[in-house]
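Worksheet for the structure shown next.
Just so it is clear, none of the values below were taken in a lab; they were calculated from the coordinates. Since the model is a prediction, treat every value here as computed from it, not as a measurement. Backbone-built Cβ (ideal geometry, glycine too); neighbour counts: all protein chains shown.
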């Protein structure tokens, strides 16, 4: 009798293992199907997207000039504009470049409705194309961007301040942030 019980336990254990392995195969197949589905959902449209996440405390607009060749000069033909509302909460502003544009560098320029200078608190800039991403946050922002004479950027500080300069007796406000050589390099391999 004990041999029969032992034999039944062995058979049940073997069947149980077979069922578990079948369930694992189904789960693995479902995992693979989900991965394939996720891969299909990745936008592969050859469009660069630059998303700026930050706090814009005054109403205005932000423009982005872009270059397809980093040796060229910025011009008014390769230019995008986005409006933003004043808000003390973070906002995301996304620029979509025209299809089949090869991004090698860009600069960002704010302009406020009240014509005053202010500051922007940028927590992240994300550059993406076809599922590939370059994330720039406050810990490495200083490495990837530099400002002109109207901009103050400090390492590990998310607040970028803008100032006016006096030229020929006139107060001038023309700040912009431009990609560094490191950004150019990273965009070339993105």
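Taking 0.36 nm per intervening residue step and subtracting the Cα-Cα distance, what contour gain separates residue 82 from residue 137 on full extension?
17.7 nm
Subtract the Cα-Cα distance of residue 90 and residue 118 from 0.36 nm times their separation in residues, and report this length gain in nm to one decimal.
Extending this stretch completely gives an extra 8.5 nm.
Based on the mean of other Cβ atoms within 10 Å per residue, sort peptides 64-73, 79-88 so the most packed one is first.
Ranking the peptides 64-73, 79-88 by packing returns 64-73, 79-88.
When ranked by the protection proxy of mean other Cβ atoms within 10 Å per residue, highest first, what sequence do the peptides 93-101, 47-55 form?
47-55, 93-101
At R0 = 45 Å, how high is the FRET efficiency between residue 159 and residue 45 if r is their beta carbon distance? Nearest 0.05 is fine.
The pair residue 159/residue 45 has a calculated efficiency of 0.85.
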